[in-house]
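Structure, as structure tokens:
The values are calculated or read from the model by the stated rules, or taken from the named source; none is laboratory data. Predicted, not measured: the structure shown is a model, and the values here were computed from it. Methodologically, a virtual Cβ is constructed for each residue, glycine included, from the backbone with ideal geometry; neighbour enumeration extends over all protein chains shown.
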Amino acid sequence: MEKILAVAIFVVMFGFIIWDRFPRQWVTLISGALVLVLVFGLCMHDGGAIWETLNLSCFAQKGFWIGSSESSTGINWSTIVFIAGMMVMVEGMGHAGIFQWLCLKIAKLVNYRTVPLLLCFMVMSALLAMFIDSITVILFLAAVTAELAKTLYFDPVPMILAEIFCANLGGSATMCGDPPNIIIGTSLGLSFFDFLGNTGVIAGVCLVFTVVYFFLCFRKPLAESEKNRPANVVYPDAASAVKNRAGFYGCGTSFLVVVVLLITHAQTELTVATIGCIAAALMSLVTMLTSGRKAAAGLFARVDYKTLLFFTGLFVVVAGLERTGCLGVLADGIARLSGGKAVVMVAIILWVSAVASAFVDNIPFAATMVPVIQAMAQTQGVDLHVLAWALSMGTDLGGSATPIGASANVVGTSVAAKNGHPVTWGKYCRYCAPATIMVMAVSMVCIVVRYKIGRAHV
């Protein structure tokens, strides 16, 4: 009974999100409350499940701040704290004029042409996401794109969609690029370079197809915007964006410090929650010292709390699917359907992971699937590493298909909406769903060809 109810709540929630008639944060919060009361309370009579899903005790645990904080159950407060901290950092950089300065520099470099900007930002998004969390990359690039759109008179949505997709793609290339890769890597003893030499190669091939795809999709509307641009537009000098040099350099330095912390968090053992807090503290301190307390308080006032509430409710609903065993049933089905054929195993893991990650959080799904592929490798004789690469690409790339499939998607579309350019489900899926199918097909071919599993039968 609890399984049916958990699935029903998720389906209804998803339907209301697609309908887009009600604030999405209230949709997920109400759905999460129904999971806690109806599924965990009335059906399962499990007060412990409610407490574990809320996961409030994590703040008092050392592992939340130092060590490993990845959790497959309940609200991932580490992710929420990290996103909040990055939002404060982005607001601080915007207040210091860094985004406007960067916009004008890049625009001048490409002679204020929008199509070259699209290509530059796609490649930049993928490269940065290899070493920096995709959420941070999108917070940064989406803000830059929105600012640049105001100056160059173009619709920023196409560019932001392409950036989101490439950020998710770049995150699949390395172990630190995306949370599912961290889970897979640590569970199976894989290194940074193991991912770079395997998923990194596949992601590189996919990037070529992706750049061509979005170029063909958005070339005409972006080029048309140049024709409609007023002839008397005066482009300000980049230096004019710097109102406070101390704040500009202070916020820029703080950003670089945070980037270094993100790249080296495996060595320092600082969790993303801690890094998010450091980012917010550094940015607010620099803003207060250079612009005053009122400006620093304004950074926190402009945080997109609606997005944070959306994530909170979503984590609870997904926890309902996990604790009732729905995700486990899906995982067991993959093992049964493989039929002993290695290529079928890879295909099922890749595509099922992709489809599931388009609708549910990929962190608990990846954590659920790791023991499944380990068992399949032991009982079916298939190379565990090949299954791991298929799981990694499926969970990382599948989330690009829908606006809620990955954290970067939610954050990027929120930035667009905040700047007066809301992204509907239809518009998002029209471009990103076909692109997801394309890169999944390319990934499948790459895996089959490279690891020569097409004829394997065990």
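Being touching a Phe, Trp or Tyr at 6+ places or on another chain (Cβ under 6 Å) and assigned to a loop (DSSP other than H, G, I, E, B), is that true of even one residue in region 187-202?
Initial filter on region 187-202 (touching a Phe, Trp or Tyr at 6+ places or on another chain (Cβ under 6 Å)): 198-199.
This time we only want the ones that are assigned to a loop (DSSP other than H, G, I, E, B), so: none.
No: region 187-202 contains no residue that is touching a Phe, Trp or Tyr at 6+ places or on another chain (Cβ under 6 Å) and assigned to a loop (DSSP other than H, G, I, E, B).
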- Checking L330 against (1) touching a Ser or Thr at 6+ places or on another chain (Cβ under 9 Å); (2) at pLDDT 80 or above, the condition it does not meet: (2)
- Query: Of the numbered conditions (1) of a type in the set (A, V, I, L, M); (2) touching a helix residue (DSSP H, G or I) at 6+ places or on another chain (Cβ under 6 Å); (3) buried (at least 20 other Cβ atoms within 10 Å of the Cβ); (4) at pLDDT 80 or above, A367 satisfies every one except a single condition; which is it?
  - Reply: (4)
- Message: For a quick check of your reading of the model, give me the residue pairs whose first member lies in region 177-201 and is surrounded by fewer than 24 Cβ atoms within 10 Å (Cβ to Cβ) and modelled with pLDDT of 75 or more, whose second is among the small types (G, A, S) and assigned to a helix (DSSP H, G or I), with beta-carbon atoms closer than 7 Å and at least 6 apart or on different chains.
- Response: L188/A388; L190/A388
- Note on the structure: In region 87-111, anything in contact with an Asp or Glu (Cβ under 8 Å, 6 or more places away or on another chain) and more than 15 Å from M283 (Cα to Cα) is listed as Q100, C103, L104
- The residue from V329, V317, V257 that alone is out of contact with any Asp or Glu (no Cβ under 8 Å at 6 or more places or on another chain), among the aliphatic types (A, V, I, L, M) and free of Cβ contacts under 8 Å to residues at least 40 places away in the same chain is V257
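So, in region 259-274, exactly how many residues are modelled with pLDDT under 90 and either in a helix (DSSP H, G or I) or touching a Pro at 6+ places or on another chain (Cβ under 8 Å) (or both)? Step through it out loud before you land on a result.
Going residue by residue through region 259-274, those that are modelled with pLDDT under 90 are 259-273.
Of the ones still in play, those that are also either in a helix (DSSP H, G or I) or touching a Pro at 6+ places or on another chain (Cβ under 8 Å) (or both) are 259-263, 265-268, 272-273.
The total comes to 11.
I'd like to verify a number: residues in region 39-49 that are part of a helix (DSSP H, G or I) and within 13 Å of E2 (Cβ to Cβ), how many?
Of the residues in region 39-49, the ones part of a helix (DSSP H, G or I) are 39-43, 47-49.
The next check asks that each one be within 13 Å of E2 (Cβ to Cβ); those that pass are 39-43, 49.
The number of residues fulfilling the criteria is 6.
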- Output yes when any residue across region 340-351 is at pLDDT below 85 and surrounded by fewer than 20 Cβ atoms within 10 Å (Cβ to Cβ), and no when none is. yes
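If you check T324, T264, T307, which single one turns out to be farther than 22 Å from V415 by Cβ, of a type in the set (S, T, N, Q) and buried (at least 22 other Cβ atoms within 10 Å of the Cβ)? Show your work before the answer.
Working: T264 fails: buried (at least 22 other Cβ atoms within 10 Å of the Cβ); T307 fails: farther than 22 Å from V415 by Cβ.
The unique qualifying residue is T324.
Condition check: under 29 Å from L285 (Cβ atoms), surrounded by fewer than 17 Cβ atoms within 10 Å (Cβ to Cβ) and of a type in the set (A, V, I, L, M). Does V257 satisfy that? Walk me through it before giving the result.
Details: under 29 Å from L285 (Cβ atoms): yes; surrounded by fewer than 17 Cβ atoms within 10 Å (Cβ to Cβ): yes; of a type in the set (A, V, I, L, M): yes.
So V257 passes the test.
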- Of (1) farther than 18 Å from F195 by Cβ; (2) modelled with pLDDT under 90; (3) surrounded by 24 or more Cβ atoms within 10 Å (Cβ to Cβ), Q378 satisfies every one except (3)
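State yes or no: is V372 at negative phi and surrounded by fewer than 21 Cβ atoms within 10 Å (Cβ to Cβ)? First the steps, then the outcome.
Working: at negative phi: yes; surrounded by fewer than 21 Cβ atoms within 10 Å (Cβ to Cβ): yes.
Considered against the rule, which asks whether it is at negative phi and surrounded by fewer than 21 Cβ atoms within 10 Å (Cβ to Cβ), V372 comes out as yes.
Could we say that V201 is more than 25 Å from L104 (Cβ to Cβ), touching a Lys or Arg at 6+ places or on another chain (Cβ under 8 Å) and β-branched (V, I, T) here?
On the way: more than 25 Å from L104 (Cβ to Cβ): yes; touching a Lys or Arg at 6+ places or on another chain (Cβ under 8 Å): yes; β-branched (V, I, T): yes.
It is true that V201 is more than 25 Å from L104 (Cβ to Cβ), touching a Lys or Arg at 6+ places or on another chain (Cβ under 8 Å) and β-branched (V, I, T).
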- Message: Taking the conditions exactly as written (more than 14 Å from F131 (Cα to Cα) and crowded, with 17+ Cβ neighbours inside 10 Å), does A238 satisfy them or not?
- Response: yes
